[in-house]
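What follows is a set of notes on a single structure, which appears directly below.
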2 protein chains.
Amino acid sequence: MRITILGGNGFLGRKLAARLARDGVLGGRPIAALTLFDLAEPAPLPAPFPVRRQAGDVADPAAVAAAIPPGTDVVFHLAAVVSAQAEADYDLGLRVNLHGTLAVLQACRALGTCPRVVFTSSVASFSGGQEAVLPDDARQLPANSYGAQKAIGELLLQDASRRRFLDAVNLRLPTVMVRPGRPNRAASSFVSAIIREPLLGLETECPVPESFAVWICSPRSAIAWFLHAATMDTAPLGLDRGINPPGRSATVAKMLQALEEVAGAEARARVRFVPDPEIQAIVADWPAAFEADRARRLGFAEQEPLEELVRAFIAEDLEATRRERGL
Amino acid sequence: MRITILGGNGFLGRKLAARLARDGVLGGRPIAALTLFDLAEPAPLPAPFPVRRQAGDVADPAAVAAAIPPGTDVVFHLAAVVSAQAEADYDLGLRVNLHGTLAVLQACRALGTCPRVVFTSSVASFSGGQEAVLPDDARQLPANSYGAQKAIGELLLQDASRRRFLDAVNLRLPTVMVRPGRPNRAASSFVSAIIREPLLGLETECPVPESFAVWICSPRSAIAWFLHAATMDTAPLGLDRGINPPGRSATVAKMLQALEEVAGAEARARVRFVPDPEIQAIVADWPAAFEADRARRLGFAEQEPLEELVRAFIAEDLEATRRERGL
């Protein structure tokens, strides 16, 4: 197996790379080579196979082609400009999220070997808001530019799959919780911050009320879904390459309750509610619940309970985050 | 009113331009200038207002910007590579249908005055086939590259409308019948050919069986919808800029019956049934019926009866087609 991770320096890219290095195999086949590609050169990765690390712009067709060499079996396309940033800088979002995906499409097509492409689309490509429970054939009516660009990327890769240029699985990722590191420019950054920051001993602000529900998944689930999407039989997908994986609908109140159960009342007390109209305007339209029956039938794994998400962050990411942020 | 028609040399572009020249007004406001833009320089148009005619590539941002000068109120974006051609030449379809629409978006955005954009999307952006009756919120799951590119164009213009770069109405046009001129590279070309060719005294082949149903509209309806889309209040559309206008579901048998009623049995006898698997593979997925309730509520006009479509072609386009083809 020859594998490329675009966005290899991101939080999920690094977790995925580490998992591949640990396993040494994907779908039962030994990994022969891994290319990590990102805007900044990805960090070294000890692995039982050669790891190429490349810095480049995902909207640069030549750079992307170099990152997807002949013989590539699987491309994880995780490179993106996130929601609040794509809203603030329209041209940057278009360049990375649309032209970047076009560059990936053309690089895969040029191979002539129909590689598997696992594309991270997003719950932000839907609207419907707090009341909706979205069926598997729900229309994508994005209420933000990031979501629109993700829906466009899906259409491109879906059509390219029909033409056998490549073989895409478009995963509409829920909001991933708990993200390590620092708050980022995703509008959903608070979903991780209200768990992570208190565990670091820091105060944080929650921009939405306690009753606000979010469709979430753990980093562990996201990685498990990536691996499944990379190796599953895509024939049953037919024309429809979009997958709503089985996340979990959780209110902020439930998240904070899980935090309190694991880390005590003093951790929870570090979260203050400070409404942020700009963030609310973006996240208000995101649906907080999906049926996700198709994904379950296709073998995508269920979520762990919320307390488990908090414990997993403590076990796997808390110390590294503390070090990274000099705390 | 300053108006631009991109694709001004096409069949609908020419009909629209002629109608504007005849009316002299749009939405009750006098037309101050009209720009016709196409790959080949559009034909001269006698009109009570200045008409600029420009040749250029819709995927060339500078050419498109020149065709949409400051002060433009309405842009009709009809420029496209049609279905069978976009299927045969992927890169050409992508260039014209995707990058062309991006150029239109950026040119309108640069004006800073939020012009109205009437975009011709297509029934080909849906799938579902013969059995489906599509609701107004049906998901676009295109089964051909043309349809995918049209759905992408809709997403781009819809998001640009939300951002107030422009003010789009995305009309998913049914198959237009009866088209004048020659057969073209649309997979649906036969829908017009089985009426037009017999009326010209020519034999023609129908690639699908008599029972095959198509979602159609007349050129007259298409033009009426364009004018309504150009002048309607878009506030009630909200986020959703896609319109399924009230076409008509008609089988080939019904079309030929209308032909026979208007032009006699000898006209109908000029149609032979010769199955074409390539055409069938494209059109089989197109839905042949839509609910179209939203469009009716928004004031989009109903279709005339089928016989009326045949008579309108005879009255308005038969002689010109005969001349154009030297018959």
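The values are calculated or read from the model by the stated rules, or taken from the named source; none is laboratory data. What you see is a predicted model; the values in this text were computed from it and never measured. Virtual Cβ from ideal backbone geometry, glycine too; neighbours counted across all protein chains shown.
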Any residue in the range A:128-137 that is within 14 Å of chain B (Cβ to nearest Cβ) and more than 17 Å from residue B:139 (Cβ to Cβ)? yes
Are any residues in the range B:116-140 modelled with pLDDT of 95 or more and part of a helix (DSSP H, G or I), and if so, which ones? B:125
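Tell me which helices (runs of 4 or more DSSP H) are completely within the range A:51-115 and hold 1 or more residues being more than 12 Å from every other protein chain (Cβ to nearest Cβ) and of a type in the set (S, T, N, Q), or say none if there are none. Full working, then the answer.
Values: elements: A:61-67, A:83-88, A:90-93, A:100-111.
Hits in the range A:51-115: A:83-88.
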In the range A:73-104, the residues that are touching a strand residue (DSSP E or B) at 6+ places or on another chain (Cβ under 9 Å) and either of a type in the set (S, T, N, Q) or at positive phi (or both): A:83, A:101
Apart from one, (1) buried (at least 22 other Cβ atoms within 10 Å of the Cβ); (2) under 30 Å from residue A:265 (Cα atoms) all hold for residue A:147; the odd one out is (2)
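Just need a number here: residues in the range A:143-173 that are assigned to a loop (DSSP other than H, G, I, E, B) and either more than 7 Å from every other protein chain (Cβ to nearest Cβ) or free of Cβ contacts under 8 Å to residues at least 40 places away in the same chain (or both). Step through it out loud before you land on a result.
As a first pass, look at the range A:143-173 and keep what is assigned to a loop (DSSP other than H, G, I, E, B): A:143-144, A:163-166.
Now drop any that are not either more than 7 Å from every other protein chain (Cβ to nearest Cβ) or free of Cβ contacts under 8 Å to residues at least 40 places away in the same chain (or both), which leaves A:144, A:163-166.
Here the count works out to 5.
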Output the residues belonging to the range B:308-327 that are in contact (Cβ under 8 Å) with a residue 24 or more places away in the chain and not in a helix (DSSP H, G or I). B:317, B:325, B:327
Tell me, please, whether a residue that is out of contact with any helix residue (DSSP H, G or I) (no Cβ under 6 Å at 6 or more places or on another chain), assigned to a helix (DSSP H, G or I) and within 14 Å of chain B (Cβ to nearest Cβ) can be found in the range A:238-245. no
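Any idea which of B:229, B:160, B:213, B:187 is of a type in the set (A, V, I, L, M), crowded, with 24+ Cβ neighbours inside 10 Å and closer than 30 Å to residue A:238 by Cα?
Numbers: B:229 fails: closer than 30 Å to residue A:238 by Cα; B:160 fails: closer than 30 Å to residue A:238 by Cα; B:213 fails: crowded, with 24+ Cβ neighbours inside 10 Å.
Selected residue: B:187, the only one of B:229, B:160, B:213, B:187 that is of a type in the set (A, V, I, L, M), crowded, with 24+ Cβ neighbours inside 10 Å and closer than 30 Å to residue A:238 by Cα.
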Scanning the range B:155-188 for residues that are closer than 24 Å to residue B:88 by Cα and charged (D, E, K, R), which turns out modelled with the lowest pLDDT? B:185
Failed condition for residue A:170, given (1) over 19 Å from the mean Cα position of the chain (by Cα); (2) closer than 17 Å to residue A:222 by Cα, with all others met? (1)
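Kindly establish whether residue A:258 is within 23 Å of residue A:205 (Cβ to Cβ) and either assigned to a helix (DSSP H, G or I) or free of Cβ contacts under 8 Å to residues at least 12 places away in the same chain (or both). Outline the logic, then answer.
Values: within 23 Å of residue A:205 (Cβ to Cβ): yes; either assigned to a helix (DSSP H, G or I) or free of Cβ contacts under 8 Å to residues at least 12 places away in the same chain (or both): yes.
So residue A:258 fits the description; yes.
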